[in-house]
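Beneath this line is the structure, given in structure tokens, with notes to follow.
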Amino acid sequence: MGFFSTILGLFGFGVGISAGLVIGYYLFIFFQPSDVKDPEIRPLVEQDSETLQGMLPEIPLWVKNPDYDRVDWINKFLEYMWPYLDKAICMTAENIAKPIIEEQIPKYKIDAVKFEKLTLGSLPPTFQGMKVYVTDEKELIMEPLIKWAGNPDVTIAVKAFGLKATVQVVDLQVFALPRITLKPLVPSFPCFANIFVSLMEKPYVDFGLKLIGADLMSIPGLYRFVQELIKDQVANMYLWPKTLQVPVLDPSKAFKRPVGVLHVKVLRASKLKKKDFLGASDPYVKLKLTEDKLTSKKTTVKHKNLNPEWNEEFDMIVKDPQTQALELHVIDWEQVGKHDKMGMNVVPLKELTADKPKGFTLELLKSMDLNDARNEKSRGQLEVELTYKPFKEDEMPKTFEESKTLQKAPEDTPDGGGVLVVIVHEAQDVEGKHHTNPYVTILFRGEKRKTKKNQRWWHVKKNRDPRWEEEFIFMLDEPPVNDKLHVEVQSSSSRIGLLHPKETLGYIDINLSDVVNNKRINERYHLIDSKNGRIQIELQWRTK
């Protein structure tokens, strides 16, 4: 019986399976559901951007939307620069966060908060495309789509009540579509005054958060709550039309171009006060225009003279005669130590009439504070003559570089000739074998000029990075196209003695044909016979 039962069971199983397959195939072929429709086939070009975004989420935006341009060069740049940008961004972020943390932790009775690890990882963000808007305003509007699936590691240690806890942020993902507006566009580098940033849609932010090694985002409900909270908070602050403004330049100053020249003639001073120990003073005058970052100009030093006469002339570039003023400082020169201020005064340029010389006899003051009682003390007088010469339309400089080379040679310059101006700015890493008290000797066509020895009372013998800012002028009958300028850095001993009184720290010979062709050169030269020494020399060729 058992054998027959087995045979019948196998037969029934085979018949049942076969019958089921036949019936199922029949039902599948001949009985279609009535609510199923044939799919509609449409070309991709007929799909809108939102439909394409859902169908092809990983395709770059410039493929799906013709308004966006490819920016592969930016991604390639980020790929190569990311290791360096990572360190720079983390260092900046840590420097910004430290003082804020130190200010806030006392309020919460926390002992310390510090970064144990701070890195953005090895994966840089990518730009999926960029849209640029063209407007009639002086602005540039860009909308880049930024995606960053990074592997940062930010670990923060918190100490309180003798206990330590660590919070770690890992596996960060950010998808954002910001609008970046550069405006207004100005003719001064970096060519825009402000950066405005806003978000065109809520950003997508996803990250892992660990507390003492435990994954907090695995707690039911917490992941969704944190993600939505970040989206809402960021959107409330920066979702369009709200913006984050980052000022870069002062627009009112960026648009200013030179409009004229102030001709200053320093005549004389009188009744100056004694500053030196032996009962005299060594005065000179320092001149500077307000709202101007150029180096101050100086007269020569009149040694042991309380009523000096200079009769020296200077030209200074003016950008706004209504707001700028000429600052004049009378200073007592000291061979060793800090120079002493003897008095000062200010002349607003709006007091001048164009092209008409005007003389001023200025009372020297301690400061320009009208309530300063020290101004009542007599400090002497300074006489100057000022002439403001506005540019004509065809003389107006077009660029900032032109404004720095506007000075012309004096009227008595020989025809076909000019003025060679040599400005010795500074040197670096100059060092002698026996002493380092550097000064510069200039030799040109047999004429020798020297700067002052760079001495300071707190460091007389050692000054490897001296700064002079001294100007030398040579009047020439013809351009020095075939001449060389010999510049030599020397050091003299500050001690009285015959052993090693002077030594050379390095030299350089400069061909002057370039300065004749370019009108102005400002370069840093490596000194010959010096291990690492460099010197910065500015050369100008001025003609009438």
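The values are calculated or read from the model by the stated rules, or taken from the named source; none is laboratory data. Fair warning: this is a prediction, and the values are worked out from it, not measured in the lab. Heads up, the Cβs are rebuilt from the backbone with ideal geometry, glycines too, and the neighbour counts pull from every protein chain shown. To get the accessible areas, we keep the full protein, side chains included, count just its heavy atoms, and leave off ligands, DNA and RNA. Shrake-Rupley method; radii C 1.70, N 1.55, O 1.52, S 1.80 Å.
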(request) Count charges around LEU539 for me, please; just the other residues with Cβ under 9 Å from its Cβ, Lys/Arg as +1, Asp/Glu as -1. (result) -2
(message) Along the Cα→Cβ direction, 7 angstrom out, place labels at GLN335 and VAL22. What is the inter-label distance in nm?
(response) 12.7 nm
(message) If each residue of separation counts as 0.36 nm, what is the full-extension length gain between GLN428 and ILE473 once their alpha-carbon separation is subtracted?
(response) 13.8 nm
(message) Using 0.36 nm times the number of residues separating THR119 and LYS107, minus their current alpha carbon distance, what extension gain do you get?
(response) 1.5 nm
(message) Between ALA165 and GLN227, what's the calculated FRET efficiency when r is the beta-carbon distance and R0 is 22 Å? Round to 0.05.
(response) 0.45
(request) List the lysines whose Cα lies under 20 Å from the Cα of LYS159, skipping any in the same chain that are fewer than 8 positions away. (result) LYS98, LYS107, LYS109, LYS114, LYS117, LYS210
(request) State, to one decimal in nm, how far the label point of ASP465 lies from the label point of GLU139, with both points 7 Å from Cα in the Cβ direction. (result) 4.3 nm
(request) Give the span of the stretch 66-113's Cα atoms along each principal axis, as three whole-Å numbers ordered largest to smallest. (result) 54, 26, 11
(request) Grab the Cα-Cα distance for LYS87 and ALA157, subtract it from 0.36 nm times how many residues apart they are, and report the gain in nm with one decimal. (result) 23.2 nm
(request) Sort TYR439, TYR204 from largest to smallest accessible area, using a 1.4 Å probe on the heavy atoms of the protein chains. (result) TYR204, TYR439
(request) Only loop residues by DSSP count here, and only those with at most 10 other Cβ atoms within 10 Å; note down the chymotrypsin sites (Phe, Trp or Tyr not before Pro) in the stretch 267-375 that meet that. (result) PHE277
(message) I want to check the label-to-label distance for LYS350 and THR323. Put each point 7 Å from Cα in the C-beta direction and report it in nm to one decimal.
(response) 1.1 nm
